[in-house]
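The values are calculated or read from the model by the stated rules, or taken from the named source; none is laboratory data. Quantities reported herein were computed from a predicted structural model and do not represent experimental measurements. We place every Cβ from the backbone using ideal geometry, glycine too, and count neighbours over all the protein chains shown. Note: areas computed on protein heavy atoms with side chains; ligands, DNA, RNA excluded. Shrake-Rupley method; radii C 1.70, N 1.55, O 1.52, S 1.80 Å.
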Amino acid sequence: MSAKGEEPELVRIPAGEFIMGTDDAEGYPEDGEGPPHLVALPAFDIAPTTVTNAEFARFVAATNHVTTAEALGSSFVFAGLLADDHPPTRAVRSAPWWREIEGAYWQHPEGPESGIDDRSDHPVVHVSWSDAVAYCEWSGTRLPTEAEWEYAARGGVAQARYPWGDDREPEGRHMMNVFQGQFPEHDTGDDGWIGPCPVRSFPQNGFGLYEMTGNVWEWCADWFSPHAYALSSPIRPQGPATGEHRVMRGGSYLCHDS
């Protein structure tokens, strides 16, 4: 038995109802973003930020957990974070800006020459769904369902495009870490960051949660199906019983209008 983790910081999300999903014309039907439907949830707890490198390091030190990326010997890194003279490597065919890098995992985000000594407050990356579940088991928590995640992410703001409203940059203020410039060649970093940023870099939402949009994708408990919303229960939906992929939400520092 591994030692249990220290008590994590959690925020209580009140019970309530909300409209989940969207029929916005700028959405992606293949991602199953609709139809909008009423969902009721009991109260639950959720961490105010994604798991940081410091938190994940304590978990690994206590359990000797080996991540999926470590076991495989490689992971995929955004090409824009690699050195200009980095040798060519295998890329994802449909997204060639993702490059396979040997030795890339959570402690070495861009490969063996990189580290996290100055990134203790950054979100941990190169973490599979199984790694996330193992962390939750150690810390006495669980992954949120997709419905819980969306309800929490909205921060009590009904049917808005973002947790703060419909304007992406209200009064010219950057509210999240996403890609600016010409994707994928050049990120101007106008929001202050190129690549992931530390947690709590942007304002919290109405429930006190940070970076629920942009920065890094976040795992949910549910299996993914593009038809899930049309078939789900209106009360505490749990997602499909089976599937091939798990739900990821929130977008990342690579999200761009293109």
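Tell me which of these W138 doesn't satisfy, since it passes every other one: (1) in contact with a Ser or Thr (Cβ under 7 Å, 6 or more places away or on another chain); (2) surrounded by 14 or more Cβ atoms within 10 Å (Cβ to Cβ); (3) within 27 Å of I194 (Cβ to Cβ).
Here W138 clears every test but (3).
Could you say whether any residue in region 218-240 is farther than 23 Å from A134 by Cβ, of a type in the set (A, V, I, L, M) and in contact with a Ser or Thr (Cβ under 6 Å, 6 or more places away or on another chain)?
no
Do you know which residues across region 81-100 are exposed (fewer than 14 other Cβ atoms within 10 Å of the Cβ) and either among the charged types (D, E, K, R) or over 19 Å from the mean Cα position of the chain (by Cα) (or both)?
In the first step, residues of region 81-100 are kept if they are exposed (fewer than 14 other Cβ atoms within 10 Å of the Cβ); the result is 83-85, 87-88, 90, 92-96.
If the condition is that a residue be exposed (fewer than 14 other Cβ atoms within 10 Å of the Cβ) and either among the charged types (D, E, K, R) or over 19 Å from the mean Cα position of the chain (by Cα) (or both), then A83, D84, D85, P87, P88, R90, V92, R93, S94, P96 are the ones that fit.
Looking for something surrounded by fewer than 21 Cβ atoms within 10 Å (Cβ to Cβ), of a type in the set (D, E) and more than 25 Å from C136 (Cα to Cα) - is there at least one such residue anywhere in region 191-206?
no
Among the residues of region 189-209, how many are more than 14 Å from N177 (Cβ to Cβ) and among the aliphatic types (A, V, I, L, M)?
1
Can you name the residue in region 190-245 that is among the hydrophobic types (A, V, I, L, M, F, W, C) and part of a helix (DSSP H, G or I) and, of all such residues, is nearest to D121 (Cα to Cα)?
Only one residue fits best here, namely A228.
Among E171, E218, which is the only one that is closer than 28 Å to W98 by Cβ and either among the acidic types (D, E) or exposed (fewer than 13 other Cβ atoms within 10 Å of the Cβ) (or both)?
Values: E171 fails: closer than 28 Å to W98 by Cβ.
Of E171, E218, the one residue that is closer than 28 Å to W98 by Cβ and either among the acidic types (D, E) or exposed (fewer than 13 other Cβ atoms within 10 Å of the Cβ) (or both) is E218.
Would you please name the residue that is farthest from G208 (Cα to Cα), looking only at residues in region 20-45 that are in contact with a helix residue (DSSP H, G or I) (Cβ under 7 Å, 6 or more places away or on another chain), open to solvent by 20 Å² or more (accessible area, probe 1.4 Å) and not small (G, A, S)? Spell out the reasoning first.
Going through region 20-45, the residues in contact with a helix residue (DSSP H, G or I) (Cβ under 7 Å, 6 or more places away or on another chain) turn out to be 20-21, 32, 34-35, 37, 39, 41, 44.
Next, only the ones that are open to solvent by 20 Å² or more (accessible area, probe 1.4 Å) stay: 34-35, 37.
This time we only want the ones that are not small (G, A, S), so: 35, 37.
Numbers: P35: 28, H37: 25 Å.
So the residue we want is P35.
Using beta carbons and a limit of 7 Å, which pairs, at least six apart or on different chains, have the first residue in region 83-100 and in a loop (DSSP other than H, G, I, E, B) and the second one β-branched (V, I, T) and open to solvent by less than 60 Å² (accessible area, probe 1.4 Å)?
Between residues of region 83-100 that are in a loop (DSSP other than H, G, I, E, B) and residues that are β-branched (V, I, T) and open to solvent by less than 60 Å² (accessible area, probe 1.4 Å), the close pairs are T89/I101.
Please go through region 51-80 and pick out each residue that is among the aliphatic types (A, V, I, L, M), open to solvent by 50 Å² or more (accessible area, probe 1.4 Å) and assigned to a loop (DSSP other than H, G, I, E, B).
Step one: of region 51-80, the residues among the aliphatic types (A, V, I, L, M) are 51, 54, 57, 60-62, 66, 69, 71-72, 77, 79.
Pick out the ones that are also open to solvent by 50 Å² or more (accessible area, probe 1.4 Å) and you get 61, 66, 71-72.
Correct list: V66 only.
Is it the case that some residue within region 31-46 is within 17 Å of V216 (Cβ to Cβ) and either of a type outside the set (D, E) or part of a loop (DSSP other than H, G, I, E, B) (or both)? Even if it seems obvious, please write down each step before you answer.
The initial filter retains those residues of region 31-46 that are within 17 Å of V216 (Cβ to Cβ), namely 46.
Retained after the next criterion (residues that are either of a type outside the set (D, E) or part of a loop (DSSP other than H, G, I, E, B) (or both)): 46.
Yes, some residue in region 31-46 is within 17 Å of V216 (Cβ to Cβ) and either of a type outside the set (D, E) or part of a loop (DSSP other than H, G, I, E, B) (or both).
Criterion first (among the β-branched types (V, I, T), assigned to a loop (DSSP other than H, G, I, E, B) and either in contact with a Leu (Cβ under 8 Å, 6 or more places away or on another chain) or open to solvent by 60 Å² or more (accessible area, probe 1.4 Å) (or both)) does V133 satisfy it? I'd like the intermediate steps shown before the answer.
Details: among the β-branched types (V, I, T): yes; assigned to a loop (DSSP other than H, G, I, E, B): no; either in contact with a Leu (Cβ under 8 Å, 6 or more places away or on another chain) or open to solvent by 60 Å² or more (accessible area, probe 1.4 Å) (or both): yes.
Spelling it out, it is not the case that V133 is among the β-branched types (V, I, T), assigned to a loop (DSSP other than H, G, I, E, B) and either in contact with a Leu (Cβ under 8 Å, 6 or more places away or on another chain) or open to solvent by 60 Å² or more (accessible area, probe 1.4 Å) (or both).
Here's the yes/no breakdown for (1) touching a His at 6+ places or on another chain (Cβ under 8 Å); (2) under 22 Å from A15 (Cβ atoms):
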| residue | (1), (2) |
| --- | --- |
| Y162 | no, no |
| D166 | no, no |
| E171 | no, no |
| V178 | yes, no |
| G189 | no, no |
| N205 | no, yes |
| E211 | no, no |
| V216 | no, no |
| M248 | no, no |
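What are the residue pairs meeting all of these: first residue in region 232-244, first residue modelled with pLDDT of 95 or more, second residue exposed (fewer than 13 other Cβ atoms within 10 Å of the Cβ), Cβ atoms under 6 Å, and 6 or more apart or on different chains?
P234/L38
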